[in-house]
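Structure first, commentary second.
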Amino acid sequence: MSGEFSHVITFAFSGWTTTWPTSLLATIWLIWLASWVGASFWSGQTRKHVATLHASRYHILIVAGGILFTPWTSRVLGEKPIWNPGTTGVYLLTIVTLAGIAFTWWARIHLGRFWSNAITHKEGHKVIDTGPYGMVRHPIYTGLILGMLATGIAVGTISAILGAILISLGMSLKAKMEEVFLSAELGPDYAAYRRRVPMIIPFLPAG
């Protein structure tokens, strides 16, 4: 039994979790995931949500990307990085990742009980256009995409890079679906918001 447990531990700390400083990135994402899931209970009552069939379109991309993004996939595939940004490069990309994660938390705290992991209309839902929501309409996706892409570049394996791209595409698709849903639910207020603020990338034209 102890031998089997040892194999589990060895596998858990494999792939790009075994080398510093990329192992720091793995730790950062694990802490973010645990805190994000733990905070999921802080959410208002759902009034309406997108049907599961429609939501599966972005779920598939995000789940597939998440599997590819994990260090264990690179271990199973026996991958080696296709480039090496160097220790300084990884540290700089770690700072970018932390900036993206910080942006997600700023947005989530600012959104308060209107936050949901799914595309929903919460009780008392209204347009929030202050804080990070004054910069982009979907700052949580902005932060996650930034952090994922920075991590993929830092790790340098094909699976991590492809995983980050798939997750980013899934979030972009989710944002577009959310736009349609919220435009229908919140009406003219959201339409006006769309004309003022870009969707995911700051400083781009709104629309």
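Summary table below
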item: Looking only at segment 148-186, and only at residues there that are more than 17 Å from H59 (Cβ to Cβ) and charged (D, E, K, R), the one that is modelled with the lowest pLDDT; result: E185
item: Lone qualifier among W83, W16, W36 - being modelled with pLDDT of 85 or more and part of a helix (DSSP H, G or I); result: W36
item: Cβ-Cβ under 7 Å pairs, at least 6 apart or on other chains, segment 128-142 side of a type in the set (G, A, S), far side assigned to a loop (DSSP other than H, G, I, E, B) and open to solvent by less than 20 Å² (accessible area, probe 1.4 Å); result: G134/V197
item: Close pairs from segment 70-99: first more than 18 Å from G147 (Cβ to Cβ) and of a type in the set (D, E, K, R), partner open to solvent by less than 40 Å² (accessible area, probe 1.4 Å) and at pLDDT 90 or above, Cβ under 7 Å, at least 6 apart; result: E79/T157; E79/S159
item: Matching residues in segment 129-149 - criterion: being crowded, with 23+ Cβ neighbours inside 10 Å and of a type in the set (G, A, S); result: G143, G147
item: Residues that are open to solvent by less than 40 Å² (accessible area, probe 1.4 Å), free of Cβ contacts under 8 Å to residues at least 40 places away in the same chain and in a helix (DSSP H, G or I), drawn from segment 169-190; result: S172, A175, S183
item: Meets criteria (at pLDDT below 85 and under 25 Å from T22 (Cα atoms)) for R75; result: yes
item: Of all residues in segment 105-131 being part of a strand (DSSP E or B) and in contact with a helix residue (DSSP H, G or I) (Cβ under 6 Å, 6 or more places away or on another chain), the one that is modelled with the highest pLDDT; result: K122
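The values are calculated or read from the model by the stated rules, or taken from the named source; none is laboratory data. Please read these numbers as outputs of a predicted model, since none were measured by experiment. As a convention, Cβ positions derive from the backbone with ideal geometry for all residues, glycine included, and neighbour counts pool all protein chains shown. Note: accessible area is taken over every heavy atom of the protein model, side chains too, but ligands, DNA and RNA are not part of it. Shrake-Rupley method; radii C 1.70, N 1.55, O 1.52, S 1.80 Å.
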